[in-house]
Amino acid sequence: MPSHLSRLSALTRPRILVRAARLGTAEFNRERILRRVIEGECVPAPGQAFDQLFEREATMDEARRAGGAAYSPARHVELLSALICEARLAEARIAA
């Protein structure tokens with residue numbers, strides 16, 4: 001099974017979107033952002049939200065490609081930032 005970071009690096013997204021998401025990781029507040037992105041009462045343990053975020057990001061990217069009016073670049077950046085941070089957390093747990 002590929003690692004979280006390798007799955008993430010296999011994604012093909014616009015460079016500006018990825019750059020903004022990387023910058024967003026510096027201000028990432030896991031508790032606040034995951035509650036909003038996952039829309040749940042409780043936040044999963046570190047590294048456990050990756051698959052759910054990965055699926056949501058794929059749906060968001062489909063909306064981006066379709067040019068739908070409901071697509072929000074800001075939400076996409078927020079979701080990608082969360083995905084990057086969760087991948088890092090998951091990899092850190094595996095390495096420990």
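Mind checking which of Ala49, Ala26, Ala90 is farthest towards the positive end of the chain's charge dipole, using Cβ charges of +1 (Lys, Arg) and -1 (Asp, Glu) about the Cα centre?
Working it through, the farthest residue towards the positive pole turns out to be Ala26.
Would you calculate the separation in nanometres between label points at Leu5 and Ala45, each defined as 7 Å from the Cα along the Cα-to-beta-carbon direction?
Result: 2.2 nm between the two label points.
Note down the relative contact order for the chain as a percent, whole number, built from C-alpha pairs under 8 angstrom at least six residues apart.
Computed value for the chain: 47 percent relative contact order.
Three principal axis extents, largest first, for the C-alpha atoms of the chain, in Å?
That gives 42, 30, 24 Å along the principal axes, largest extent first.
When the chain is fully extended, how far beyond the present Cα-Cα distance does Leu17 get from Ala92, taking 0.36 nm per residue of separation?
Extra length from Leu17 to Ala92 when fully extended: 24.5 nm.
Every number here is computed from the coordinates shown, using simple stated rules; none is lab data. Note that the structure is predicted; figures quoted are calculated from it, not measured. Backbone-built Cβ (ideal geometry, glycine too); neighbour counts: all protein chains shown.
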